[in-house]
Amino acid sequence: EKSFLEIIEKDPENKEALNNLGVISFQQQNFERAIDYFTKALEIDPFHKDAILNYSALLKSTNRFYDSAPILEKAIERFPDDQEISQLLSEVHQMRRSRTKIAVLCLPGLQSFLGDIVDYLKTKYDVRTCYSNNNQEIESAVQWADIVWLEWANEMATFVTNHLRLPSKKHVVCRIHSYEVLSGYLPKINWSKVSRIIYVADHIRRIAHEVHLPLVNQPPSLVIKNGIALDRFKFNIREPGFNLAVVGFINHKKNPSMWIDILSRLVKTDPRYRLKVAGELQDPRYGYYFQNIIARLGLKDHIQFFGYVKDIPDWFETEQINYLLSTSIFEAFGYNIAEAMAMGIKPLIHSFPGAEELWPHDCLFNSIDEVIEMIHKKDNYNSLEYYEFVEQRYSLQSQLEKTERIIEETVEGVSGAAPSKGSRCRIPIQEQCAGVPTALVEYHRPEKNVIVTGIPRSGTSLFSVLLNTFENAVCLNEILYDVTSLPRDFAEIRRRLTVGEAIPNRYDSSGNLATDTQGGAVNVENTVVKEVDGHAVIGSKVNIPYLNQIQKILNYGYKVIAIVRDPVYTIGSWNSEKANIIPEAHMTDDDMHPRWRGFSFKVSDKIERQAQLWNLYAQLIWSLREKIKIYNYELLTTDPEWVITDICEYLHLRTPKEKISLKNMNVDSRYPDIEGIKEAVKKYCPTKDVFGYAYLDYQETALPRVSAQTVVDKFRGMKKYNVPQNLDR
């Protein structure tokens, strides 16, 4: 390297030396410097072949391959017979065409297990759902698709594989649950038309092979276990009690007569026992059965039928459920079991075939005597163990990632391309660290992406909404949680904006973007964002999960904005009633959210622990001050015009003309135990000073009131002048 630098010093236009320096920088993973050397070499000689190939290889390795198209197109005019340039140009053009289409087919009413999978696949592929029994609609979807996803091996799968034209290049994936296996459908399906089978459990695959022996050999199959999104369920330490719940359709498979036997036995031991049933009646015979047997056993005051319940987690809380009862004679999984465990509720599970492979053995029973004993044994109730079991075995993210891998393997079959082993370039091809699929590379614009993060309840959602008011900018609020797939997800959002497709975001009950994700009914909705194109600045806001992997995020090349708020009011907000669901609200030994179990606390008091946690993440944010942009909540709400101007300069956006007024919520009366919080902050939050919150270093007994403007002035001064560097105080 030193020799080449000496050559450049004497001969700045030596294209060979510049090219070689580019190769060295590439090998050192100094990509920006490598780009600089290669582009200088090509400015001197646009047809320098080594520089063309090396530059293209660099762009391909860093997920910017599409940017090499103009250089390659010019080069092929000069070297029309060059195979290496021709191959690279062919790959670039393929990116423009490659957009795998997936049709998800399911009979109406059976799509309840598809929501998360479809939403996830839509971030990677062009997905069309067909939840219909209309043959023309089904055929249209199949003809449109490259890959057909058949949900359930039932009448739909029979029709598609036997009656529709399925060319060899059209691949079919079929997911098998449970009822289809024992309902006579498997022999009716033309399995030679199916590329891959996904079973939801090992015991379902074993039974399917017993029922239809040819499936042992073909098509290829695998098991992908179901998963649940833990963040949708409020975990709490629960206790034994008298309220049992049953969740699900009322039919013979759920074995409802056992509910009555169990309840009758329990009521004889203690009249406080209650059974609460959430689910629709599917078999009218059970309606007459319940009416008769409940009256005969005198259980009218001990059982309650709620019918269909939309929000089961809220129902669990409202009805103060202590146990989830599952008496099914056959299940593939049992989402109601997993959801109850995620909330810390103990499940009581009848030992259906395969149950011992799915659920904790101390939650299984073989007889009514056993389940009665389990309920009466009060010391065998451990909410944390139930949560951890589901967390470790049934992660939604794991299910989605495994599903995506299957689709990616199938996509290779659609394109007919073998997995790439690297091209013949002068530089070693590096693995694409960001993992952006070829079809999305042209939408990979890390310099146009921004991360919004911060300590929870510091105004990051408010900031996210603010970004959405800027011209040609959008910000997703708590949508893209998986840091590993951020490059791919950002590229997919940019693709949707480019072609005018809907993108997800969080909206409140009034249909406005949510400035507070804990403030009442907040839902994720897909909406087409108008007047935004593929060159937009795209933001993604997530707090602790992003902070925990902030270095990885910075390595992606994104801009990062962090929001910090006065720790007194941040912690006050954590303890407010509406924020009770957030992990930061649960930090005592008997109510510890799993997120904090590995954290080494110096004290046992909840508020003092919260102060320690605030200080930890404040230190992290401050340590990154040379790499990221930091704003405080007080400045944002007191002088939004100044902040907006600064943001627009940072993100290269036009400053909006409209004035924006924001309300500062730092008011003592809004939060519980504010005096105790101030004392804890004074003791455990030394990092507050560098953010302009030094006013709490008081000596007087009475706590002084300091205006938001005082903090704003301190923060502004801190930004302009020297700031304390030492946090060891």
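Quick notes
- Per-region count, the range 583-631, residues part of a loop (DSSP other than H, G, I, E, B) and in contact with a Pro (Cβ under 6 Å, 6 or more places away or on another chain): 1
- Output for the range 144-183, where each listed residue is within 31 Å of the chain's Cα centre (by Cα) and part of a helix (DSSP H, G or I): Trp144, Met156, Ala157
- Among residues of the range 323-364, those that are within 29 Å of the chain's Cα centre (by Cα), part of a loop (DSSP other than H, G, I, E, B) and touching a residue at least 40 places away in the same chain (Cβ under 8 Å), counted: 6
- Evaluation of Ala338 against the conditions (1) over 19 Å from Ser383 (Cβ atoms); (2) among the small types (Gly, Ala, Ser); (3) in contact with a Phe, Trp or Tyr (Cβ under 7 Å, 6 or more places away or on another chain) shows that the sole unmet condition is (1).
- Restricted to the range 492-522, and to residues there that are assigned to a strand (DSSP E or B) and either modelled with pLDDT under 80 or touching a helix residue (DSSP H, G or I) at 6+ places or on another chain (Cβ under 6 Å) (or both), the residue that is surrounded by the fewest Cβ atoms within 10 Å (Cβ to Cβ) is Leu513.
- From Gln87, Gln29, residue being surrounded by fewer than 16 Cβ atoms within 10 Å (Cβ to Cβ), assigned to a helix (DSSP H, G or I), touching a residue at least 24 places away in the same chain (Cβ under 8 Å) and of a type outside the set (Lys, Arg): Gln87
- When each of Val267, Val223 is tested for being at pLDDT 95 or above and touching a helix residue (DSSP H, G or I) at 6+ places or on another chain (Cβ under 7 Å), the lone residue that passes is Val267.
- Note on the range 373-388: among residues that are surrounded by fewer than 18 Cβ atoms within 10 Å (Cβ to Cβ) and either under 18 Å from Lys234 (Cα atoms) or not assigned by TED's automatic domain parsing to the domain that holds Val246 (or both), the one that is farthest from the chain's Cα centre (by Cα) is Asn382.
- Boolean, Asp311 is over 29 Å from Lys225 (Cα atoms), surrounded by fewer than 19 Cβ atoms within 10 Å (Cβ to Cβ) and acidic (Asp, Glu): no
- Glu408 part of a helix (DSSP H, G or I) and within 23 Å of Gly227 (Cβ to Cβ): yes
- Residue count, the range 184-209 (criterion: touching a residue at least 12 places away in the same chain (Cβ under 8 Å) and either of a type outside the set (A, V, I, L, M) or assigned to a helix (DSSP H, G or I) (or both)): 17
- Applying the condition of being β-branched (Val, Ile, Thr) and outside any strand (DSSP E or B) to the range 449-479 and asking which residue is surrounded by the fewest Cβ atoms within 10 Å (Cβ to Cβ) yields Thr469.
- Condition check for Glu401: under 30 Å from Tyr37 (Cβ atoms), acidic (Asp, Glu) and either modelled with pLDDT under 90 or not assigned by TED's automatic domain parsing to the domain that holds Lys552 (or both): no
The rows are residues; the columns are (1) buried (at least 20 other Cβ atoms within 10 Å of the Cβ); (2) outside the structural domain of Ser178 (by TED's automatic domain parsing).
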residue	(1), (2)
Val200	no, no
Ile204	yes, no
His209	no, no
Leu213	no, no
Val216	no, no
Pro219	no, no
Lys234	no, yes
Ile237	no, yes
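- Residue within the range 287-310 that is closer than 30 Å to Asp591 by Cβ, free of Cβ contacts under 8 Å to residues at least 24 places away in the same chain and not acidic (Asp, Glu) present: yes
- All of Asp231, Asp270, Asp261 fail the test of being of a type in the set (Asp, Glu) and under 28 Å from Leu400 (Cα atoms), apart from Asp231.
- Selected residue (criterion: farthest from Glu91 (Cα to Cα)) from residues of the range 42-70 that are modelled with pLDDT of 80 or more and aromatic (Phe, Trp, Tyr): Phe47
- Residues that are β-branched (Val, Ile, Thr) and in a strand (DSSP E or B), drawn from the range 540-582: Val560, Ile561, Ile563, Val564
- Test for Val371: is it farther than 19 Å from Tyr386 by Cα and touching a residue at least 60 places away in the same chain (Cβ under 8 Å): no
- So Gln94, is it surrounded by fewer than 16 Cβ atoms within 10 Å (Cβ to Cβ), more than 25 Å from the chain's Cα centre (by Cα) and either among the hydroxyl-bearing types (Ser, Thr, Tyr) or modelled with pLDDT under 80 (or both): yes
- Looking across Glu391, Glu408, Glu370, Glu356, one residue alone is at pLDDT 95 or above and either more than 30 Å from Pro271 (Cβ to Cβ) or loosely packed, with under 15 Cβ neighbours inside 10 Å (or both). It is Glu370.
The values are calculated or read from the model by the stated rules, or taken from the named source; none is laboratory data. The shown structure was predicted, so the numbers you read here are calculated from the model rather than taken from an experiment. Methodologically, a virtual Cβ is constructed for each residue, glycine included, from the backbone with ideal geometry; neighbour enumeration extends over all protein chains shown.
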